[in-house]
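The values are calculated or read from the model by the stated rules, or taken from the named source; none is laboratory data. Keep in mind that what you see is a predicted model, and the values were worked out from it rather than measured. So basically every Cβ, Gly included, is an ideal-geometry build from the backbone, and we count neighbours across all protein chains shown. Remember, those area values only see protein heavy atoms, side chains included, never the ligands or the DNA or RNA. Shrake-Rupley method; radii C 1.70, N 1.55, O 1.52, S 1.80 Å.
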Amino acid sequence: MACIAFSLINCDKDPSSDSEKILSFISKPSLAMYGDSIVASWPSEEQLSEFNTYRFATPGIDTTKILSYVQNDKNRYDACLYEGGINDFLGNYSPSQSQVDATIDRQIQSIQILQTRCNHVFALNLWNIKFPWPSLAVAMITATMKERVQFVPRIDTELLITDDMLTDGNHPNRNGYLILSNAVGDQIRPYFPILYLNGPEN
C-alpha cells in the first residue's frame, strides 16, 4: 500500500536512498533565476547544489522577453535572482541615457513582480565586457542600476568578474560562474539555516 500511495519509491529496492533524495529535494530552498544566456548557461545544478534551482532564460533575449517570463511564471520561490540587459543593446555602440533608462524600467518592473512571490529577491548587475559587445551600454546600465536598483540586494559583479574569467569578452567561463555562484550563495544562505545542518558549504 505504501508503495502504491508513494510511487516515487521503487518497491524492489531499499527505499532509504530514494527517501533521502526526496527529502533532500523537499528540504532544499528553491531558487528561481531569470535572465538571458548568462543564466541559461549557468551550471546551477552543480555550483548551487544546495538549492533547487529553476532557470527561466534563453540566449539572446532582451529585458522585454525576460519581463514576460517573470509575468507568466506564477509560482512562488524562496529566493529569486534577476539578470539581464546586454541584449537590449546588441550592435548599439552609442546608446542614449533614455534607452538605458527604459531597460532599467523593465528590470525594475520585473524585480517588483518577483518581490510579490519570492521571499528574497536579488539583482545581478553587469560586469565589464569587451568589444564587439556593447561595452558602453553595459557600463551605463551598471551605473544606472546602482542609482535606481537599491530596493533589493544587488551583487556588483564588475568587482568580481575579470577578463580572464570570460570566454568571449562577455560570457563567463567555469571559474567565472563559480565566482558568481559563490556570491549568490553568500547572499542567500544566511536566510536558510537548514543549509548549515550538514556543515558550512565549501
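At a glance:
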{"quantity": "Mean-position separation - Cα centroids, the stretch 100-137 and the stretch 44-90, in angstrom", "calculated": "11"}
{"quantity": "Three principal axis lengths of the stretch 102-202 [C-alpha, angstrom, descending]", "calculated": "46, 33, 17"}
{"quantity": "Net lengthening on full extension, GLU45/ARG148 (0.36 nm per residue, minus Cα-Cα)", "calculated": "34.0 nm"}
{"quantity": "Around ASN87: net Lys/Arg minus Asp/Glu count, Cβ-Cβ under 13 Å", "calculated": "-2"}
{"quantity": "Length released on extending from ASP105 to ASP156, taking residue separation times 0.36 nm less the Cα-Cα span", "calculated": "16.5 nm"}
{"quantity": "25 °C / 0.890 mPa s Stokes-Einstein diffusion coefficient of the stretch 24-151, Kirkwood radius on C-alpha pairs, µm²/s", "calculated": "164"}
{"quantity": "Computed over the stretch 52-97, Kirkwood Rh from alpha-carbon pairs, angstrom", "calculated": "12.4"}
{"quantity": "Positive minus negative residues near ASN173 (Lys, Arg vs Asp, Glu; Cβ under 12 Å)", "calculated": "-2"}
{"quantity": "Accessible solvent surface per residue of the stretch 28-192, calculated while the other protein chains remain in place, 1.4 angstrom probe, Å²", "calculated": "42"}
{"quantity": "Built amide H within the under 5 Å cut-off of PHE56, gap 5+", "calculated": "MET33, TYR34, GLY35"}
{"quantity": "The stretch 28-192 - percent relative contact order, Cα under 8 Å, separation 6 or more", "calculated": "22"}
{"quantity": "Between the stretch 172-194 and the stretch 141-159, the alpha-carbon center distance in angstrom", "calculated": "17"}
{"quantity": "Rounded to the nearest 20 debye, dipole of the stretch 28-192 from Cβ charges on Lys, Arg, Asp, Glu", "calculated": "440"}
{"quantity": "Using a Förster distance of 25 Å, the FRET efficiency for ASN175-SER94 (Cβ separation, nearest 0.05)", "calculated": "0.15"}
